[in-house]
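Notes to accompany the following structure.
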Amino acid sequence: MSFEAKALSAVYVPRLSPPIPDSPPSEKATPPLSAFEDATNDESQARAIDRKLLSKLDRNLIPFLSLLYLLSFLDRINFGVAKLSGIIEELNLTSLQFNTASMVFFVTYVAFEVPSNLILKKMRPSRWIPLIVICWGIVQTTMGVANTYGQLVALRCLLGFFECGLFPGLSFYLSSWYPRKELGLRIALFFSAATLAGAFGGILGYGLSKMAGIGGLGGWAWIFIIEGLLTFVVGCIAPWFVHDFPTEKPRFLNEEERVLVLRRLFKETGIVNTTRFDWQQVRNSLMDYKTYFYMACHIGITEPIYSQALFSPTVIAALGKWSTSQSLLLTVPPYVLATVTTVGTALWADKIQQRGLFLMFWSALASVGYIILLTVPISSPGVLYFAIFLTVGSIAPGIACNIAWVGGNFGNHYKKATSFGLTFSMGNAGGIVASQIYRSRDSPRFLLGHGITLGFCVFCFFCSSGLHFLLKRENARRDRIYGPPPPPPMLGETYSDEILKKLGLSEMSEKEILALGDDHPTFRFVT
């Protein structure tokens, strides 16, 4: 067995001494990377090989994951469309009961995000992701035949329980495939499915609501049933389209390509991830200040997006004497803008390797939008509609930016999985708040909802500012103490004794070095 194959079968970190396998090594040696090795003397050919591999990753990962998230977000926002399609009248719900049914989804969603992320790694994506998609598709379909408030609440709780693993799980999953310089765009493309759902989900829901009376069911019921069945079907085919982590022999890559993927990750920081579960890394996540800053940023940016998803049709309808179909059509342009700002921000942020500055900018611009909504009278619907463009177009890129920021700044698989789970748990707690603050009795101004949401945007601005400057200071401290980070060694090789001594690692054991992750002296944070 080649030395390189042994290194890959163990862990994927800077090699400071011969690797200690986590599990018995495979008897099958890693094939020689002849094409790649020959191309290293030809820079243009090496770039061509890299572009071809990146294109293959994008084709096999991004489209289907985006479809899954599109279905997830459709299933989430269709509750707001159901409100306009008669669910309150047919189930005899009060405004408080409707808001409570909206809220309970987020209670179970928040409670189980961290365990789901840990299960994802243990059970493998190709098994866990299809399982939860199938289960929430069944729950969503069943919601269409609910006929009491109690049944509706129970099903909403189950929906949150099964959906909680998708968005944080897939965000963590993508961060295990792409280097930091490429991650932001892929997260943005993936998250843009949500903005497309916001743009056209209302129209789709309105079209489905026209099935009212078929089978003796209301229009709102057919929204749940058809979208739930669609989710169920996609979940059934998902095992063939959701692939395992690059350390686990994904089906669409041959062994040579898989090694190249790992090399691309290793080349950036010299650190990827251990392959065996370690409670110490979970504890490290809980003790890392970055985790709590990301949690704070995320709730500051997700409470607004859930407010928009759940109530933007209602808010827009209150701006004038619009029909239901007109109100839903008017929600489309702001979400189209959100798709453009999300992808554009990701391209720029990846290019300059900055996240905090963009999060500060977009949260500040969203705050301006909410100030307009709070201060401009209802007699100026055009100005208020412009403010909705500002808020929707600013919140979406902030979400994608924060996710990519989390994914790039943790150096251990399980530490990253835990931090992702905690970040999303706190962020989705914003959905609990959002479901309660846009009350029918506050129409048409909705001052309470806009005011609270403004507070969350301002909170995000200050938290992202604080984390940005703390990470800059830490990078400067490491540069001052250790000097600029040396290039990572080739996979399977070691740093020289001179570099080890300079980094203060010469007296540490292999196990201690493995535990460093993003505390490793050569790691530099994306700010």
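Report yes if some residue within the stretch 206-214 is in contact (Cβ under 8 Å) with a residue 12 or more places away in the chain, of a type in the set (Phe, Trp, Tyr), in a helix (DSSP H, G or I) and open to solvent by 20 Å² or more (accessible area, probe 1.4 Å); otherwise report no.
yes
Going by the structure shown, is VAL332 at negative phi and touching a His at 6+ places or on another chain (Cβ under 9 Å)?
No; evaluated as a whole, the condition is false for this residue.
Of the numbered conditions (1) in contact with a helix residue (DSSP H, G or I) (Cβ under 7 Å, 6 or more places away or on another chain); (2) farther than 30 Å from LEU93 by Cβ, THR375 satisfies every one except a single condition; which is it?
(1)
Given the options ALA404, ALA429, name the one that is under 22 Å from TRP362 (Cα atoms), within 16 Å of the chain's Cα centre (by Cα) and open to solvent by 10 Å² or more (accessible area, probe 1.4 Å).
ALA429
Given the conditions (1) in contact with a Leu (Cβ under 8 Å, 6 or more places away or on another chain); (2) assigned to a helix (DSSP H, G or I); (3) open to solvent by 10 Å² or more (accessible area, probe 1.4 Å); (4) touching a residue at least 40 places away in the same chain (Cβ under 8 Å), report the number of the one that ILE372 does not fulfil.
Just one mismatch for ILE372, condition (4).
Restricting to the stretch 312-329, name every residue that is open to solvent by 20 Å² or more (accessible area, probe 1.4 Å) and within 29 Å of the chain's Cα centre (by Cα).
Across the stretch 312-329, the qualifying residues are THR314, LEU329.
Does at least one position in the stretch 436-452 carry a residue that is crowded, with 17+ Cβ neighbours inside 10 Å and either closer than 16 Å to TRP362 by Cβ or under 21 Å from the mean Cα position of the chain (by Cα) (or both)?
The answer is no; no qualifying residue exists.
Out of LEU68, LEU74, report the one residue that is under 20 Å from LEU204 (Cβ atoms), open to solvent by less than 10 Å² (accessible area, probe 1.4 Å), touching a Leu at 6+ places or on another chain (Cβ under 8 Å) and not small (Gly, Ala, Ser).
LEU68
Is it the case that ALA309 is under 24 Å from LEU448 (Cα atoms) and either aromatic (Phe, Trp, Tyr) or at pLDDT 85 or above (or both)?
no
So which residues in the stretch 101-113 are open to solvent by 30 Å² or more (accessible area, probe 1.4 Å) and in contact (Cβ under 8 Å) with a residue 60 or more places away in the chain, if there are any at all?
Matches in the stretch 101-113: MET103, VAL107, VAL110, ALA111.
Looking at the structure I just gave you, is PRO168 of a type outside the set (Phe, Trp, Tyr), at pLDDT 90 or above and crowded, with 19+ Cβ neighbours inside 10 Å?
Criteria not met by PRO168.
For the condition closer than 20 Å to GLY427 by Cα and outside any loop (DSSP other than H, G, I, E, B), what is the one hit in GLY160, GLY150, GLY137?
GLY160
Given the conditions (1) modelled with pLDDT of 95 or more; (2) open to solvent by 10 Å² or more (accessible area, probe 1.4 Å); (3) of a type in the set (A, V, I, L, M, F, W, C); (4) touching a helix residue (DSSP H, G or I) at 6+ places or on another chain (Cβ under 6 Å), report the number of the one that ALA366 does not fulfil.
(2)
Being within 30 Å of ASP518 (Cβ to Cβ), assigned to a helix (DSSP H, G or I), over 21 Å from the mean Cα position of the chain (by Cα) and of a type outside the set (Phe, Trp, Tyr) is true for just one of ALA364, ALA387, ALA396. Which residue is that?
Only one candidate passes the filter, namely ALA364.
Can we say PHE245 is under 25 Å from SER425 (Cβ atoms) and either under 23 Å from the mean Cα position of the chain (by Cα) or modelled with pLDDT of 90 or more (or both)?
yes
Of all residues in the stretch 171-205, which are touching a Leu at 6+ places or on another chain (Cβ under 8 Å), part of a helix (DSSP H, G or I) and hydroxyl-bearing (Ser, Thr, Tyr)?
Scanning the stretch 171-205 gives TYR173, SER175.
Where residues in the stretch 77-90 are of a type in the set (A, V, I, L, M, F, W, C) and open to solvent by 20 Å² or more (accessible area, probe 1.4 Å), which of them is modelled with the highest pLDDT?
Looking at residues that are of a type in the set (A, V, I, L, M, F, W, C) and open to solvent by 20 Å² or more (accessible area, probe 1.4 Å), I get ILE88.
The values are calculated or read from the model by the stated rules, or taken from the named source; none is laboratory data. From a predicted model like this one, the values you see are computed outputs, not experimental measurements. Cβ atoms come from the backbone with ideal geometry, glycine included; neighbour counts cover every protein chain shown. What goes into the accessible areas is simple: the full protein's heavy atoms, side chains included, and nothing from ligands, DNA or RNA. Shrake-Rupley method; radii C 1.70, N 1.55, O 1.52, S 1.80 Å.
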